[in-house]
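The values are calculated or read from the model by the stated rules, or taken from the named source; none is laboratory data. Since this is a predicted model, take the numbers as computed values, not measurements. No Cβ is skipped: glycine too gets one built from the backbone with ideal geometry, and neighbour counts run over all protein chains shown.
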Amino acid sequence: MSKKLILAAGAVLLAGCAGVAVAQSGSAPPPDTAVAGPAGPPQPVTLAKRPNATGGEALFVEMCIMCHGANGMGTSLLGRVGRPQPLELRPGLPAAFYVSAARNGIGNMPAIPRGEVSDEQLQAIAEYLAAGPHPEAVQ
Ligand code: HEC
């Protein structure tokens, strides 16, 4: 009696497993329609991503874009609300404004010393930005 019961329970279990296996194989999505996971963190903009950048643009990518790129703190986190962002999209500001902002600091941005960016480099960056907006440069 108890042996029969155990056998019957075993048979029910096996049937159940087979059913699950069939259900699983039937419901697995084909690989090409599998749902992708969330996009990863934004990638930093470097000269490798802007191979055609020269002069002030290249210097801006090297010295400023880590904070002033689309996801940089100067654009997204600490930049003041209501300013057109990022810096490469701002029209109509004189080069002297960029030089002064970078040398003296502005709001939450620390002053950038000559040891990091020379006067010549900063002037080239400022002229590049003052000649903006550069929508083609911003991805
Ligand atoms: C360490 C990060 C960092 C670096 C590097 C940096 N900045 Fe900034 N910058 C900021 C932040 C943060 C602000 C926003 C300040 C605020 O609004 O209070 C800012 C604001 C500015 C502004 C004022 C923008 C506005 O809307 O009025 C200018 C101009 C500027 N930066 C120029 C530069 C230049 C040119 C360079 C490169 C030589 C540079 N910054 C590098 C963080 C940085």
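Couple of notes before you dig in:
- No other residue among Leu59, Leu93 is assigned to a helix (DSSP H, G or I) and either touching a Leu at 6+ places or on another chain (Cβ under 9 Å) or within 11 Å of the ligand (Cβ to nearest atom) (or both) apart from Leu59.
- In region 100-111, the qualifying residues are those that are more than 15 Å from His68 (Cα to Cα) and near the ligand (Cβ under 10 Å from one of its atoms), and the one that is surrounded by the most Cβ atoms within 10 Å (Cβ to Cβ) is Arg103.
- Flag if Gly74 is within 7 Å of the ligand (Cβ to nearest atom) and not in a loop (DSSP other than H, G, I, E, B): yes
- The residue list Leu87, Leu78 contains one member that is under 13 Å from His68 (Cα atoms) and loosely packed, with under 14 Cβ neighbours inside 10 Å, which is Leu78.
- Any hit, region 103-121, residues being at pLDDT 95 or above, closer than 22 Å to Asn52 by Cα and in a loop (DSSP other than H, G, I, E, B): yes
- Thr33 being modelled with pLDDT under 90, within 27 Å of the chain's Cα centre (by Cα) and within 14 Å of the ligand (Cβ to nearest atom): no
- Check on Arg114, within 8 Å of the ligand (Cβ to nearest atom) and not hydrophobic (A, V, I, L, M, F, W, C): no
- Note on region 77-90: residues that are within 9 Å of the ligand (Cβ to nearest atom), closer than 19 Å to His134 by Cα and outside any loop (DSSP other than H, G, I, E, B) total 1.
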